[in-house]
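The values are calculated or read from the model by the stated rules, or taken from the named source; none is laboratory data. It should be emphasised that the depicted structure is a prediction, and the values quoted were computed from it without experimental measurement. Here the Cβ is made from the backbone with ideal geometry for all residues, glycine too, and neighbour counts use every protein chain on show. Accessible surface areas use protein heavy atoms only, side chains included; no ligands, DNA or RNA. Shrake-Rupley method; radii C 1.70, N 1.55, O 1.52, S 1.80 Å.
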Amino acid sequence: MRKLLVALMMVAFAATAFAADVKFSGSYEVDGKYQRNYGLADSDVATNSYYEHDFDLWMNVQTDKDTFFKTKLELLDSTIGATHDGNNKVVYPGSDSGYAGTTQFSVQRAWLGHNFGGVLVEAGLMNSDSWGYAFADDAEGSYRVKATFDVAGGKLTVLTQKKDERGSDATKDAENDDADKYSIGYKGTFGGIMIAPKLDYDINGNGTINQETNEGADTKVIDFNLAAGGKFGAVTVETEFKYNTTSYADEATGRKDFDLYGIYANVNYNYGAGVVGFLTAYGSTDKDMNKGFDFDDDFDSTFILGDDMGLGGGDDLTGFWANALYATYDVNDKLSLMGKLAYVTSNWDAGAYEDASAWELDASATYAITKELTYYVNFGYAKVDLDASDPDPIVLVKHGLVLNF
């Protein structure tokens, strides 16, 4: 850790010497969690309590008004004291001596950009898998070369993304097994309504070349995303539709082409001291390949069933239809409250989640200790009804401190 901080200081000093504008920002969060019956048991219910912490540091270097370099370092992201060996035995305690022997940081983002006037060109490890609203988003770092053009009403983005490199100086046609993504998207506003269509084309080689055709047994994925919404007085509307189709060059292994889609809509009303709203989100399933549409990691449909458990086997609800009523209320400048009641039903035709349903009640309170330091408490209570069993209720209690700087 000391070496990393010294390196950052050297970079900052060097950038200052060359008259660059260097800005640091970041966040540190430490929280404690209590979980009950996340294993969906109907007897011998397990509970689990633990601490987590997460430290992210951003550095933005602006060398001139048109040229920049940005990087995000994740210094910590772990459950405290939870490093285990293969027998689930704690290898070291949550102490400085224990952390000293373990790598606790990684480079999450690192890319440069230059505005040529009418077009911004960026290259490096930047955000990917996010578009429109948070629905079905999982923002991660990916290596991209991207150009953003100023066009009528908004911006047009084209990019290529390297997902896997299999090229070789010694193997003929090894490039056929690369994995690449190509994307084109537009974001514009017309009459106060945001429109954002995007089309992705993925070619994913599997590392095996067919000796007769010299072609990799590729998986091809086409993703279409359309987000639209806007504010109409006190009413805010968000909608998003996502469709993806996956095809295989070789179905001999039992793989079959499949399609999935998701639909999201959110309408809320701002009454001054808070917001009341309704959201619905639908994810389809494919029986042949046992796949479901995942609302994904950034959506956080509910505290338990969505964000923590990922009911359906994904990062959030997968293959379910969720409907929720929610409200927020600002008690004063420092204290805000939130409540949500959600009901979800399964779209699975077979398996553990066939005919499943569930409901969840969430509540939270957030208090601003200072402008930068916030304390929050989250509570969740959920009940799942499975076709084969009737699990006990699920409970989550979480509280934490968040420092943004």
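Remarks
- Each of Asp150 and Asp355 was given a label point 7 Å from its Cα along the Cα-to-Cβ line. The distance between the two points is 6.1 nm.
- All other residues whose Cβ lies under 9 angstrom from that of Tyr182 are scored, Lys and Arg at +1 and Asp and Glu at -1, for a net of -2.
- Under 18 Å from the Cα of Lys287 - lysines, other chains or at least 8 residues apart: Lys256
- In sequence order, segment 115-122 has phi-based couplings of 8, 8, x, x, 8, 9, 10, 10 Hz under the Karplus curve 6.51 cos²θ - 1.76 cosθ + 1.60, θ = phi - 60°, and Gly or Pro positions carry x.
- Length available on full extension from Phe232 to Asn323: 0.36 nm per residue minus the Cα-Cα distance, which gives 30.5 nm.
- Listed pairs Lys220/Lys291; Lys291/Lys383; Lys23/Lys72; Lys146/Lys242; Lys334/Lys371 exceeding 18 Å between Cα atoms: Lys291/Lys383; Lys146/Lys242
- Positive-end extreme of charge dipole, segment 255-391 - chosen from Val331, Gly262, Gly351 (charges on Cβ): Val331
- Net charge of neighbours whose Cβ lies under 14 Å from the Cβ of Lys33, counting Lys and Arg as +1 and Asp and Glu as -1: -4
- Dipole of segment 268-405, positive direction: furthest Cα of Val402, Tyr271, Ile304, with charges on the beta-carbon: Tyr271
- In this simple spin-label approximation, Val267 and Ala388 carry label points 7 Å from Cα along the Cα→Cβ vector, and these lie 4.0 nm apart.
- Cα centre as origin, Lys/Arg/Asp/Glu Cβ charges: segment 308-399 dipole, Debye: 560 debye
- In terms of its C-alpha gyration tensor, the chain comes out rounded, because the ratio a/c of the largest to the smallest axis stays below 1.5.
- Computed extension gain for Leu335 through Tyr51, at 0.36 nm per residue and net of the alpha carbon distance, reaches 99.8 nm.
- Our estimate of slack between Thr345 and Asp64, defined as 0.36 nm per intervening residue step minus the Cα-Cα distance, is 95.9 nm.
- Charge dipole (Cα centre; +1 on Lys/Arg Cβ, -1 on Asp/Glu Cβ; no other charges) of the chain amounts to roughly 1640 debye.
- Accessible solvent surface per residue of the chain, calculated while the other protein chains remain in place, 1.4 angstrom probe, Å²: 54 Å²
- Most positive-pole-ward Cα, Ser25, Ala234, Ser284, against dipole of the chain from beta carbon charges: Ser25
- Taking 7 Å steps out from each Cα toward its Cβ at Ile222 and Val30 produces label points 5.2 nm apart.
- Charged neighbours of Ser43, selected by a Cβ distance under 11 Å, balance to -4 (K, R count +1; D, E count -1).
- Here the peptides 306-318, 156-168 are ranked by packing, the mean other Cβ count within 10 Å, and the order with the highest first is 306-318, 156-168.
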